[in-house]
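Undergrad: Structure in structure tokens, see below.
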Amino acid sequence: MNEIIITTIAVTGISAVFAFLLTLAERTIGNYGEVKLIINEDKEYTVEGGSSLLSTLIDEKIFIPSACGGKGTCGYCKVKVLEGGGPVLATEIPFMTDEELDDHVRLSCQCKVKEDIKIEIPEELFNVKEFEAQVEELEDMTSEIKRLRVRLPEGEEISFKPGQFIQLMAPKYDGNDEEVYRAYSIASSPLDKNHVELFIGYVPNGICTTYVHKYLKVGDKVKVNGPYGDFFFQTDSDREIILVAAGTGIAPIISILKYMKTYDIKRKATFYFGAKTPDDLFLVDFFKDLEDTLHDFKFVPTLTRTTEEHNWHGETGRVNNAIEKYLNDGENKEAYLCGNVKMIETMVSALLAKGMPEEFIYFDKFD
């Protein structure tokens, strides 16, 4: 019995020593104090050192796009670090080109602020705003996709180009102990500056998708910030338009089409929408209506997993099969693609094979 008591006391004592050392390390080694953050030469902030550059910027209400919530897996949160920031980490290199490395580009989620640091970011990011919006509608579109519509606070507006995205913050909830941001394309019309509409697919164990699908309710408040992105509709063109999406990639395409309808843009446009089964199609009536009301528009859904029971008489196979069937050539055309990496790569190859110039293929890809 005495041996058990002595062992217990020893283990408790060792644990207490380790806890003290960890606390001491956090207060000394990990305490970098206040440092200077200089942005674009003319904006200076005094910030607390020790956090990532991404989270430090968020604390100053400067929002950098980050689809993975700072986990170092999306490669979106790139900034130029001119001074400070330490060496480039191995976790950053897979997302960098040689030119970017030579140009001092870093992933802000991986770069720690431990000393005075000087960076460059696009000036338009200073126009990004954060809003505490209210959930106005939450609707099941399929068994795995919800439509989320939020209303911005009274008197506040968001201005964006059709095709751009915002970030939605998932707060702490049961099973999630941190606040994280995730990127979602805007589906609403750019003319509706008081609302933001998103399509969010459920991903098992996804922090934000679980929050939206399992916890969020009409009337709840949510934080969104934006807009972001260099994927948007080219308004200074008269080329024929090819639109391609799968799943939630439909969101920016809807925004583009709403914009075209509002401004009565008279350009031929075809939307190829890829899904698995008829149950995965949604907003079909919306697109059929556009075929009647939008100048020279055609909706081409194509399914990959149909059976006789589905009684499907439309296109089958992957979207690139429909492109091969209906698109004669890529001359005087431009494309807008939104979907996962594999789909984007396949579609770009198909369009290039049709002779569409690469500079006229615009895309937004996600994991």
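Undergrad: Taking the simple approach of a point 7 Å from Cα along Cα-to-Cβ for both Q234 and Q134, what is their distance in nm?
TA: Calculated label separation equals 4.2 nm.
Undergrad: Mind putting a number on the dipole of the chain about its Cα centre? Charges go on the C-beta only, +1 for Lys and Arg and -1 for Asp and Glu, and I need it in Debye to the nearest 20.
TA: With Lys and Arg at +1 and Asp and Glu at -1, about 600 debye.
Undergrad: Ordered by packing density, taken as the mean number of other Cβ atoms within 10 Å over each peptide's residues, highest first, how do 42-55, 264-277 rank?
TA: 264-277, 42-55
Undergrad: Where Lys and Arg each count +1 and Asp and Glu each count -1, what net charge lies around V47 among other residues with Cβ under 9 Å from its Cβ?
TA: Net of charged neighbours comes to -3.
Undergrad: Moving to a separate point now. Report, to one decimal in Å, the Kirkwood hydrodynamic radius for segment 168-228 based on all distinct Cα pairs.
TA: 12.6 Å
Undergrad: Using θ = phi - 60° and the Karplus curve 6.51 cos²θ - 1.76 cosθ + 1.60, what whole-Hz ³J(HN,Hα) does each residue of segment 355-363 get, with Gly and Pro shown as x?
TA: These are the phi-based 3J(HN,Hα) values: x, 6, x, 4, 5, 9, 10, 9, 8 Hz.
Undergrad: In addition: Let me test this: with uniform point scatterers at the alpha carbons of segment 219-367, what is the Debye-based log₁₀ I(q)/I(0) at q = 0.08, 0.09, 0.15 1/Å?
TA: -0.23, -0.29, -0.79
Undergrad: Looking at L138, G339, A67, which one has the Cα that reaches farthest to the positive end of the dipole of the chain (charges on Cβ: Lys, Arg +1; Asp, Glu -1)?
TA: The residue sitting most towards the positive pole is L138.
Undergrad: Under 10 Å from the Cβ of Q167, count the other residues' Cβ atoms, weight Lys and Arg +1, Asp and Glu -1, and hand me the total.
TA: +1
Undergrad: In square nanometres and to one decimal, what's the mean projected area of the convex hull around the Cα atoms of segment 219-287?
TA: Its average projected convex-hull area is 6.9 nm².
Undergrad: Okay, next question. Among the complete DSSP H segments of the chain, which ones combine at least 20 Å of alpha-carbon extent along their axis with a mean Kyte-Doolittle hydropathy of 0.5 or more?
TA: Flagged H segments are 2-27.
Undergrad: For the chain, what is the Kirkwood hydrodynamic radius in Å, using each pair of distinct C-alpha atoms?
TA: 23.1 Å
Undergrad: Say the dipole of segment 114-238 comes from +1 at the beta carbon of Lys and Arg and -1 at that of Asp and Glu; which of L216, P171, F233 then lies farthest toward its positive end?
TA: Toward the positive end, the furthest listed residue is L216.
Undergrad: Give me the orientation-averaged projected area of the Cα convex hull of segment 34-121, in nm², one decimal.
TA: 5.0 nm²
Undergrad: Oh, and also: Give K266/K325; K266/K298; K129/K261; K258/K365; K61/K217 a once-over and call out the pairs whose C-alpha atoms are over 18 Å from each other.
TA: K266/K325; K129/K261; K258/K365; K61/K217
Computed from the coordinates by the stated procedures, all read-outs in this text should not be read as laboratory data. Computed from a prediction, not measured in an experiment: that's the story for all the values here. With ideal geometry, Cβ positions are generated from the backbone for all residues, glycine too; neighbour counts draw on all protein chains shown.
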